[in-house]
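See below for the structure under consideration.
The values are calculated or read from the model by the stated rules, or taken from the named source; none is laboratory data. Keep in mind that what you see is a predicted model, and the values were worked out from it rather than measured. Neighbour counts are summed over all protein chains in view; Cβ atoms, including those assigned to glycine, are modelled from backbone coordinates with ideal geometry.
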Amino acid sequence: MGPLGWQETVFIFILALLVFGPKKLPELGKTIGKAMTEFRRASSELRSTWDREMAAIEREGHEVASATSSVKNQIEASTSDYNSSYYDSTTITVMDTIRRIRPALRRPRKVPQ
């Protein structure tokens, strides 16, 4: 449904003139004009409130994402320190054990007869 043409506008004007009469028509137009102005103002206010709230939500989302990323980096750093120290101490222990048993492994076994 597109915009009204001049023929439809004239028809609506004549119909309103017949229904409301010439005395009520200016008052009705003024009331409709005020209502349209109030509706435009309210919709503009709603739109600005919506935009402002959406921007606040996006800012909070970015803040949460950066905080989450910071915590993730801290956790990864602490676990990598823990893992490297754990593996280092485990590796040293295993290497010491191998050094201690290597000579025993190299000696020929005496096979009982």
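Contact map, segment 27-47: first residue of a type in the set (A, V, I, L, M, F, W, C), second residue surrounded by 10 or more Cβ atoms within 10 Å (Cβ to Cβ) and in a helix (DSSP H, G or I), Cβ cut-off under 7 Å, separation 6 or more or different chains; pairs are L28/F20. Output the residue which, of all residues in segment 10-41 that are surrounded by 10 or more Cβ atoms within 10 Å (Cβ to Cβ) and basic (K, R), is modelled with the lowest pLDDT. Ranking the qualifying residues of segment 10-41, first place goes to K24.
Give T90, T79 a once-over and let me know the one that is modelled with pLDDT under 65 and β-branched (V, I, T). Let's see the steps before the verdict.
On the way: T79 fails: modelled with pLDDT under 65.
Just a single option satisfies the conditions, and that option is T90.
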